[in-house]
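The block underneath contains the structure these notes are about, expressed in structure tokens.
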Amino acid sequence: MTLARAPMHGVAVDAGSGLGAALQGARGARAAPDDLRCFKRAVLRTLGPGATTVLLDCEYGPDLLADYPAGCAPMLAHEADAYRISGAERITVLPDHLSIADYPALGVRQIKFFMYYAPDDDPALNARKQDLVATLGKQCRAHGLSFLMEPLVYHPTHAPGSAAFAAVKPELVRRAVQVFSGPRFFADILKIEVPVDLAFVEGHGEPQRTHAQALSACRDVASAAGTVACVYLSAGVPFERFEAALVLAREAGVGLAGFMCGRALWSDAIGVFGAHGETALTDWLTGVGRARLKRLIAAL
């Protein structure tokens, strides 16, 4: 993997219905219809000045474009909702109010799209998923947009977080990266999972995998990406664990192009917002949130 651009220090707050439900639960009787927008705007305004980009969803994002601080590039997720997929097939549902061709007029030059992907799934299903990603990538290239592709791996029988899944995760991530780094997808950056689950790595949790093996797994995935840049996503792990993953990548020497971090940065702020409101949320983001972002940048 080659680092062909400035590192991405990304903050992701593109979660939709799932985050909305969490905020509603935290707010209780104080819940208001605009809570989700308020939370996203606070993250954007407070953490955006220290980030190279903030990723928003395509429902609220267009209305928040004016809130991007100088030096922080807008990025929108081209998905109806991160929690809305087509049943067992796990095909991402596209937004019905925006097309790829609409983003340049909004002043947005970066698009993210995710797809759940199991390398050993039905080949016909995987071909459909690949065709959809390839179509979007081609459209992004035609309209001068940077395409950030996010393949999220799963296994038909092993549950995420289990020891069985941890054992096969490096190979699943490697194979997904090998596929979507192909030229037909026009991916400028791959937003990928940390290849190993640190809960099962020596020095971090149950020693299913040695530290040296974890480093090797990171290198194998980087090699599979070829010349396509990769950034790690946090996948909702605790902040310290994601920070440790970035340190691991640096030690592995994989030339990581940066990170896109969401819940690991701001999930603790949900309870703050729920209990104490917007001012307390902004204070927490200004203190703890900005300090966490700086630590992630330093880890790279």
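Go through (1) assigned to a loop (DSSP other than H, G, I, E, B); (2) closer than 21 Å to P74 by Cα; (3) among the aliphatic types (A, V, I, L, M) one by one and return the number of the condition V237 breaks.
With (1) assigned to a loop (DSSP other than H, G, I, E, B); (2) closer than 21 Å to P74 by Cα; (3) among the aliphatic types (A, V, I, L, M) applied to V237, the lone miss is (2).
Determine whether A224 is surrounded by fewer than 20 Cβ atoms within 10 Å (Cβ to Cβ) and over 16 Å from the mean Cα position of the chain (by Cα).
So A224 fails the test.
Only one of A214, A229, A245, A249 is of a type in the set (A, V, I, L, M), surrounded by 18 or more Cβ atoms within 10 Å (Cβ to Cβ) and within 26 Å of L145 (Cβ to Cβ); which?
Exactly one of A214, A229, A245, A249 is of a type in the set (A, V, I, L, M), surrounded by 18 or more Cβ atoms within 10 Å (Cβ to Cβ) and within 26 Å of L145 (Cβ to Cβ), namely A229.
Looking only at the range 190-207, decide whether some residue is closer than 25 Å to R292 by Cα, aliphatic (A, V, I, L, M), in contact with a Ser or Thr (Cβ under 7 Å, 6 or more places away or on another chain) and in a strand (DSSP E or B). First the steps, then the outcome.
Taking the range 190-207 first, the residues closer than 25 Å to R292 by Cα are 190-205.
Next, from what is left, pick out any that are aliphatic (A, V, I, L, M): 190, 192, 194, 196, 198-199, 201.
Now restrict to residues that are in contact with a Ser or Thr (Cβ under 7 Å, 6 or more places away or on another chain): 190.
Still in the list and also in a strand (DSSP E or B): 190.
Yes, the conditions are met somewhere in the range 190-207.
Report whether or not G161 is surrounded by fewer than 23 Cβ atoms within 10 Å (Cβ to Cβ) and not hydrophobic (A, V, I, L, M, F, W, C).
yes
Select from the range 39-65 the residues that are assigned to a helix (DSSP H, G or I) and either over 30 Å from A298 (Cβ atoms) or not hydrophobic (A, V, I, L, M, F, W, C) (or both) and list them in ascending order.
Answer for the range 39-65, where residues must be assigned to a helix (DSSP H, G or I) and either over 30 Å from A298 (Cβ atoms) or not hydrophobic (A, V, I, L, M, F, W, C) (or both): K40, R41, R45, T46, G48, P49, G50, G61, P62, D63.
Please determine whether any residue of the range 273-281 is of a type outside the set (G, A, S), touching a Leu at 6+ places or on another chain (Cβ under 9 Å) and closer than 15 Å to V13 by Cβ.
yes
Kindly establish whether L265 is within 17 Å of the chain's Cα centre (by Cα) and either closer than 15 Å to P195 by Cα or crowded, with 22+ Cβ neighbours inside 10 Å (or both). Give the steps one after another, and end with the answer.
Details: within 17 Å of the chain's Cα centre (by Cα): yes; either closer than 15 Å to P195 by Cα or crowded, with 22+ Cβ neighbours inside 10 Å (or both): yes.
Yes: the conditions hold for L265.
Here is a yes/no grid of residues against (1) part of a helix (DSSP H, G or I); (2) of a type in the set (A, V, I, L, M, F, W, C); (3) in contact with a Cys (Cβ under 8 Å, 6 or more places away or on another chain):
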residue	(1), (2), (3)
V254	no, yes, yes
F259	no, yes, no
L265	yes, yes, no
I270	yes, yes, no
A280	yes, yes, no
L285	yes, yes, no
V288	yes, yes, no
R292	yes, no, no
I297	yes, yes, no
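Where the second residue is part of a loop (DSSP other than H, G, I, E, B) and aromatic (F, W, Y) and the first is closer than 16 Å to K169 by Cα and lies in the range 214-234, which pairs have Cβ atoms under 7 Å and are six or more apart or on separate chains?
Pairs found: none.
Restricting the search to the range 157-170, which residues are on the phi < 0 side of the Ramachandran plot and touching a residue at least 12 places away in the same chain (Cβ under 8 Å)? Before you say what the answer is, go through the steps one by one.
Of all residues in the range 157-170, those on the phi < 0 side of the Ramachandran plot come to 157-160, 162-170.
Those that are on the phi < 0 side of the Ramachandran plot and touching a residue at least 12 places away in the same chain (Cβ under 8 Å): A163, F165, A166, A167, V168, K169, P170.
Among the residues in the range 71-94, are any of a type outside the set (D, E, K, R), touching a Pro at 6+ places or on another chain (Cβ under 6 Å) and at pLDDT 95 or above?
No, every residue in the range 71-94 fails to be of a type outside the set (D, E, K, R), touching a Pro at 6+ places or on another chain (Cβ under 6 Å) and at pLDDT 95 or above.
Name the residue that is farthest from the chain's Cα centre (by Cα), counting only residues in the range 22-50 that are free of Cβ contacts under 8 Å to residues at least 12 places away in the same chain and surrounded by fewer than 13 Cβ atoms within 10 Å (Cβ to Cβ).
The qualifying residue farthest from the chain's Cα centre (by Cα) is A29.
The values are calculated or read from the model by the stated rules, or taken from the named source; none is laboratory data. Note that the structure is a prediction, hence the values are computed from the model and not measured. Every residue, glycine among them, receives a Cβ derived from its backbone with ideal geometry; neighbour counts consider all protein chains shown.
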